[in-house]
Amino acid sequence: QVQLVESGGGLVQAGGSLRLSCAASGGTFSSYGMGWFRQAPGKEREFVAAIRWRDGNTYTANSVKGRFTISRDNAKNSIYLQMNSLKPEDTAIYYCAASNYNYSAYARQYDDWGQGTQVTVSS
């Protein structure tokens, strides 16, 4: 079974930047795509961005487009989320997920999930 471990979260002021990392390990890693989701207190889990391993094609939510960038490192079985111009409303737990057959915005299409990393943006 694939294990996903996120890192890079923390406390940052509005307008600042953070870079999240997600490393996959264990078993045979053969996912089709990976994604980032986030969940704020009292809210449902929300799609942020996804990337396809084969060619690096990406899909980003409108709410973060132009501020957040997803990328991958195939050799390290890792993905990243560069977050710029952070806003207080970006405060959430950010989760990394892997899918064996898609790279969509739908959480139900992802098979493995990390434990999450907290991002807090102060105003």
- For every other residue with a beta carbon closer than 11 angstrom to the beta carbon of GLN82, add +1 if it is Lys or Arg and -1 if Asp or Glu, then tell me the sum. +2
- Mind listing which GluC sites (Glu not before Pro) in region 29-114 are in a DSSP loop and have 11 or fewer other Cβ atoms within 10 Å? GLU44
- Accessible surface of SER31 in the full protein assembly, 1.4 angstrom probe, to the nearest 10 Å²? 20
- Could you check how much of the accessible area of the chain is carbon and sulfur, as a whole percent, using a 1.4 Å probe? 44
- Message: Under 25 Å between alpha carbons, and skipping anything fewer than 8 positions from LYS65 in its own chain: which lysines qualify?
- Response: LYS43, LYS87
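If we count every other residue with Cβ under 12 angstrom of THR117's Cβ, Lys/Arg +1 and Asp/Glu -1, where does the sum land?
For residues surrounding THR117, the net value is +1.
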- Message: Apply the Karplus curve 6.51 cos²θ - 1.76 cosθ + 1.60, θ = phi - 60°, to the phi angles in region 44-52 and return the couplings in whole Hz, x for Gly and Pro.
- Response: 6, 5, 10, 5, 10, 6, 9, 9, 9
- Query: Among ARG108, ARG19, ARG45, whose mean-square fluctuation peaks in a Gaussian network model of the chain (Cα, cutoff 10 Å)?
  - Reply: ARG108
- Item | Average accessible area per residue (Å²) across region 1-56 - probe 1.4 Å, nucleic acids and ligands excluded | 52
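The values are calculated or read from the model by the stated rules, or taken from the named source; none is laboratory data. As the structure is a computational prediction, the values presented were derived from the model and not from experiment. Backbone-built Cβ (ideal geometry, glycine too); neighbour counts: all protein chains shown. To get the accessible areas, we keep the full protein, side chains included, count just its heavy atoms, and leave off ligands, DNA and RNA. Shrake-Rupley method; radii C 1.70, N 1.55, O 1.52, S 1.80 Å.
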